[in-house]
1. Would you pull out the residues with amide H under 5 Å of V347's amide H, same chain only if 5 or more places away, H placed 1.01 Å from N?
2. For a protection proxy built on the mean count of beta-carbon atoms within 10 angstrom, sort 295-304, 359-368 highest first, please.
3. Two decimals, Cα atoms only, Kirkwood Rh: what is Rg/Rh over the stretch 142-188?
4. Using the 10 angstrom Cβ neighbour count as an exposure proxy, how do H64, H105 rank, fewest first?
5. At q = 0.14 Å⁻¹, what log₁₀ I(q)/I(0) does a Debye calculation on the Cα points of the chain give, no solvent, two decimals?
6. Shape call for the stretch 286-416 from the C-alpha gyration tensor, a ≥ b ≥ c root eigenvalues: rounded (a/c under 1.5), prolate (a/b greater than b/c) or oblate?
7. Sequence gap at least 6, Cα distance under 8 Å: using those rules, report the relative contact order of the chain to the nearest whole percent.
8. How large is ³J(HN,Hα) for each residue in the stretch 295-301, as worked out from phi by the Karplus curve 6.51 cos²θ - 1.76 cosθ + 1.60 (θ = phi - 60°), to whole Hz, x for Gly and Pro?
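Since every read-out is calculated from the coordinates, none of them should be taken as a lab result. Just so we're clear, the structure is a prediction, and the values are computed from it rather than from any experiment. Methodologically, a virtual Cβ is constructed for each residue, glycine included, from the backbone with ideal geometry; neighbour enumeration extends over all protein chains shown.
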Amino acid sequence: MNNNPLSSSGHKKIGTFLLVLVPLLLSFSLSQFYRSAQAILAEPLRLELGATPEQLGLISGSFHFAFALMQIPVGVMLDRYGARKTNGVMMMITVIGVVIFASAHSVTGLMIGQGIIGVGCSAAFMATLVVASRWVAPEKFAATSGIIVACSLLGVLASATPLAALIELQGWRGVYFWLAGLSLVGAVLSLVMVRDAPVGHAYNQRRGETVIEALQGMVSVWKNRQVWLLVAVAFFSYPTILTVRGLWGGPYLQDAFGLSSIGAGNILLGMTIGMIIGPPAYGMASRALGGRARPLILFSVFTAACLLLLQAVWGVTAVGVAAGLMIAQGLLGSCATLNYAATRSAVPEHLVGRALTTVNLATFGGLFVLQGLAGVIIGYYPAGAVTGYQVMFGFLGIGLGLAGVAFFLGGRRRAK
């Protein structure tokens, strides 16, 4: 029986696979948008509500905290109920959160809205990867997941210059009410179009797990040493990029160089393009190396750490230098898909959902912690002070470098 319909005779089913991906990619792209939009929303929220850097960090961090909190339950739901039902229901919750966020007139209300959006979006990425893991041959998973992430980054792309332009036209609240409608479309399409596995796949003949078996599977994932090594690097790798791109990059460019929202959005757009190119490029490189991800993860982590330290020292000297370093970080630091590909290979097929969400928990736990700490660092200095951003970049670079060292040394001990 052929369980990999995109290999050999299964190529004829690629059209079905692409149709299955459409609603998942829409949901994932919206999730990317919501978690990245704060870089452009920060200025309107500062002007309208007088939000401080610490409060902006809490508003943005609420998404990531709720998102991270849901990863373990989502992993169990994906393995027990499938991606179709899980993502469809969770996107309905997203709609509620977006409406609350768009209607809020206080920092607390914005935090509640962002938190509910985070809960609703918590299944989108993992649902897409779990479905892909059942439709795609294992050796093609890294490249496929890289392409999936690249496509989803259209949402990040939209949260840069396009969002800034739309906010100027009809205000951020109006934009978010339209996004609530688009999120509802994603929920309906997920329930109608998604198929958890191709015809003939072993998943379709699976026996439902009991609650005890589901918990035992979770414990099995947590005992996996390779998963924990990936958890360590995931806590810093993507979170450092999104702390810059998703929140503090916009205020940094405006305070350091006096750029307008659209001017800052243009540079963030360039960083996003780098983030779009990076994942599929790393996926293809992994495939060329016979599926090995570890050397590429180490290269990405240490390179991104160096770029952040350079940003701290020389990034404030000229807007061109700052832009170049940010774009390079987006391109070379985007190794998250390699983390997920390595995770998929570390566990049995029936535990894939729980393993992927465990690593994703580390990723978004890192986002909540790093964005919050970055806000504290920036808020320690006078409003608009460039020094605060320099210290923030240094903090992120050192943290990422230490994570890379831990991953390198842990892997060496495992090899011995």
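1. Residues meeting the amide H criterion: none.
2. Numbers: 295-304: 20.6, 359-368: 25.3.
Descending packing order for the listed peptides: 359-368, 295-304.
3. Details: Rg = 13.3 Å, Rh = 12.1 Å.
Result: Rg/Rh = 1.10.
4. Exposure proxy ranking, most exposed first: H105, H64.
5. For the chain at q = 0.14 Å⁻¹, log10 I(q)/I(0) is -1.24.
6. On the way: a/c = 2.41, a/b = 1.81, b/c = 1.33.
Since a/c reaches 1.5 and a/b is larger than b/c, the shape of the stretch 286-416 is classed as prolate.
7. Numbers: 729 pairs, mean separation 108.8, N = 416.
Dividing the mean separation by the residue count of the chain yields 26 percent.
8. Taking θ as phi minus 60°, the curve returns x, 6, 4, 4, 4, 5, 5 Hz for the stretch 295-301.
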